[in-house]
Amino acid sequence: MEKIKNTVGIVSLVLILLIFIVGGFVAMKVLTKEKKNEDITESNIEDRIDIREDKSKDYIYYENGEEIIESEEIESYDVYFNFKELHDVNTKLKSEMDTIRKTIKYTKDMGEIPEGANVNDEGIYSLEYRDYQDFNYGDYVSLLVLDYEYDIIKGSNPINIESYVVEKETGKRVTGDVLLEKYNTNMDAIKEKVKTRLQDLKLLNDAILVDETMNNFNTFALYINKKGELAITFVVKTSENNYNDSIVLS
């Protein structure tokens, strides 16, 4: 009787082990099949929404890079949106950059140079230059265009800011009004945040001109940063050199 019980126990144990093994195998096959189907679906979606003209390049890419003043880290390069719908924007940006490249003036042509001037090895006295910042988040890419003027007496001074926020799936530019609606805010609320920021900064730097900045608040740009937040970059006016500042709005 004891022998029969042992045999039944062994058989039961074997059956249980078989059930686990077969069940695990079946579960693995099902999960693998679902994962393959999921990968195919995601791949199809990515192929469907990826409307870049050149798949080997990013949504925003740069060409024709050239160092202008090494000591000031001033460079020159062209920027392009990788969308068919933005050819006109690319042409505009290229034309603006071509104009900026022609603004260089050399020290040798400027007569006597004041004492204390920050001369450079390239022999450049003054120029305008442009810097870019790009951000990629979710369905959007943003390009921040920052223009400056520079000379060896005063250094760099911001003169203009512009932004381009583009929807990846359509290749179309998103307007400022759409951004404000998307993030449930308005310019009055934004100006209040900027003013608060300036007042806080003035406690550390008395040269900051809060009223002068806010009374003519038109050199700024809205964009979506790399965390998906609405941000603003704006020119801060001071009793010395102006500069750019940025804050997150959402």
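Here are a few things to note about the model shown:
- Panel order for ARG173, ARG130, by other beta carbons found within 10 Å of each beta carbon, from fewest to most: ARG173, ARG130.
- Among the listed pairs LYS202/LYS226; LYS102/LYS237; LYS154/LYS237; LYS92/LYS172; LYS92/LYS191, those with a Cα-Cα distance over 20 Å are LYS202/LYS226; LYS102/LYS237; LYS92/LYS191.
- The loop-placed trypsin sites (Lys or Arg not before Pro) in segment 91-122, going by DSSP, that have at most 11 neighbouring Cβ atoms within 10 Å of their Cβ come out as LYS102.
- Inter-part distance, segment 219-234 to segment 49-69, computed on C-alpha centroids, equals 21 Å.
- Top positive-direction residue, dipole computed over segment 51-177 with Cβ charges, set ILE159, THR170, THR103: THR170
- Relative exposure of SER126, SER56, judged by other C-beta atoms within 10 Å (fewest first): SER56, SER126
- Anisotropy class of segment 92-250 from Cα gyration tensor, a/c 1.5 cut: oblate
- In segment 162-250, the GluC sites (Glu not before Pro) that fall in loop regions by DSSP, at most 15 other Cβ within 10 Å: GLU169, GLU229, GLU240
Rule-based calculations on the coordinates, nothing more; no lab input. Note that the structure is predicted; figures quoted are calculated from it, not measured. Cβ: placed from backbone, ideal geometry, glycine included. Neighbour counts: every protein chain shown.
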